[in-house]
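Beneath this line is the structure, given in structure tokens, with notes to follow.
The values are calculated or read from the model by the stated rules, or taken from the named source; none is laboratory data. Predicted model only: the values in this text are computed from it and were never measured. Cβ atoms come from the backbone with ideal geometry, glycine included; neighbour counts cover every protein chain shown.
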Amino acid sequence: MTGYQSPSGPGGSQTSGYQPPAGQRRRSGHGLRNTIIIVIALLVVLVGVDRLAAFYVQGRIASEIQDQGFPSKPDVSIKGFPFLTQVISRHFQDVQISSKPVKEGPVVIQGINADLSDVRLNSGFSGGTVGHLSGAGVITFASMSNALGSLVGGPLSSLVGSAGLTLKPVSSDEVKASINLVVTSGSAIWRVTRVSGTKIRVHLVSSQGLPSQLLGSVRNIKVPVPQLPLGMKIQSLTVTSAGISIRVTGSHVAFGG
């Protein structure tokens, strides 16, 4: 009876070109393919869980900071991947928010976009603190005109309120106001500056066609911006073609419960 022939040559050395049995090759190939499939499936599951966690936390943060002065829930986007490591630590380094128009006092800010850093949530994800934030918004000329029309004093107040006041940019810190009164019309150049983090000053530079007895009403107007969301303060402002662009900042702000 002929025994099994070793794949080695006469001297015991391996025969050149030896191939393992076909069945063994198939089992080895199937095992590698199954391992790859399992790894891919696990990665898909982990990415899915990661995105679900991001969606949940973004929603919780949006709900909590809405109570800090936003008229509606802002859009919240948390950057960074993987996200689950941030959830475990409850520490988020890059959070971006954007809001719909925000009415503060007599002015309307046409949305606020802000970047938040060093955001730490409490154990129940129901509140936390913002280490630092910076953002921007625009007060449209229409909104500023309405605010100024309601703030000017003396007899000009009722006249402007019924006849109108329109603004257009002159330079990075000046606007031209066209004031249409019942009996006359005129214009004024106003310089727009920041008085503090919550007030904007409109100061008369020159005028044309306005009665002298009315100039006192438009000489120096302070437009209050009582309380911006999330403790934001106006850092600077610039007159642009779209309106008055404001830069806002904040630090060590608490939000939520």
request  = Determine the pairs where a residue that is within 23 Å of THR249 (Cα to Cα), located within the stretch 81-106, has a partner that is assigned to a strand (DSSP E or B) and of a type in the set (Lys, Arg) with Cβ atoms under 6 Å apart, the partner being 6 or more residues away or on another chain.
outcome  = HIS91/ARG120
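When you scan the stretch 161-185, how many residues do you find that are at pLDDT below 90 and either surrounded by 18 or more Cβ atoms within 10 Å (Cβ to Cβ) or among the basic types (Lys, Arg) (or both)?
Within the stretch 161-185, residues that are at pLDDT below 90 and either surrounded by 18 or more Cβ atoms within 10 Å (Cβ to Cβ) or among the basic types (Lys, Arg) (or both) number 4.
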inquiry  = Being out of contact with any helix residue (DSSP H, G or I) (no Cβ under 6 Å at 6 or more places or on another chain), polar (S, T, N, Q), modelled with pLDDT of 75 or more and assigned to a helix (DSSP H, G or I): is that true of SER150 here?
reply    = yes
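Can you tell me which residue in the stretch 239-250 is farthest from LEU167 (Cα to Cα), limited to those that are among the hydroxyl-bearing types (Ser, Thr, Tyr) and surrounded by 14 or more Cβ atoms within 10 Å (Cβ to Cβ)? Steps first, please.
Residues of the stretch 239-250 among the hydroxyl-bearing types (Ser, Thr, Tyr): 240-241, 245, 249.
Still in the list and also surrounded by 14 or more Cβ atoms within 10 Å (Cβ to Cβ): 245, 249.
Numbers: SER245: 14, THR249: 27 Å.
Top of the filtered list is THR249.
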note = Scanning the stretch 93-124 residue by residue, the ones that are surrounded by 17 or more Cβ atoms within 10 Å (Cβ to Cβ), farther than 17 Å from VAL225 by Cβ and modelled with pLDDT under 90 total 1
task = Can you tell me which residue within the stretch 186-238, out of those that are on the phi > 0 side of the Ramachandran plot and among the small types (Gly, Ala, Ser), is surrounded by the fewest Cβ atoms within 10 Å (Cβ to Cβ)?
result = GLY209
key: Every residue from the stretch 239-249 that is of a type in the set (Gly, Ala, Ser) and on the phi < 0 side of the Ramachandran plot   = SER241, ALA242, SER245
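Identify all residues within the stretch 51-84 that are basic (Lys, Arg), assigned to a helix (DSSP H, G or I) and within 30 Å of PRO226 (Cβ to Cβ); write none if there are none. Lay out the reasoning, then the answer.
Residues of the stretch 51-84 basic (Lys, Arg): 51, 60, 73, 79.
The next check asks that each one be assigned to a helix (DSSP H, G or I); those that pass are 51, 60.
Scanning the stretch 51-84 gives a single hit, ARG60.
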key: Given (1) over 15 Å from the mean Cα position of the chain (by Cα); (2) more than 26 Å from ASN146 (Cα to Cα), index of the condition ASP115 fails   = (1)
query = Can you name every residue in the stretch 218-234 that is touching a residue at least 40 places away in the same chain (Cβ under 8 Å) and either within 15 Å of GLY137 (Cα to Cα) or of a type in the set (A, V, I, L, M) (or both)?
reply = VAL218, ILE221, VAL223, VAL225, GLN227, LEU228, PRO229, LEU230, GLY231, MET232, ILE234
Verdict on VAL87 being within 17 Å of THR129 (Cα to Cα), of a type in the set (Val, Ile, Thr) and either in a strand (DSSP E or B) or at pLDDT below 85 (or both) = yes
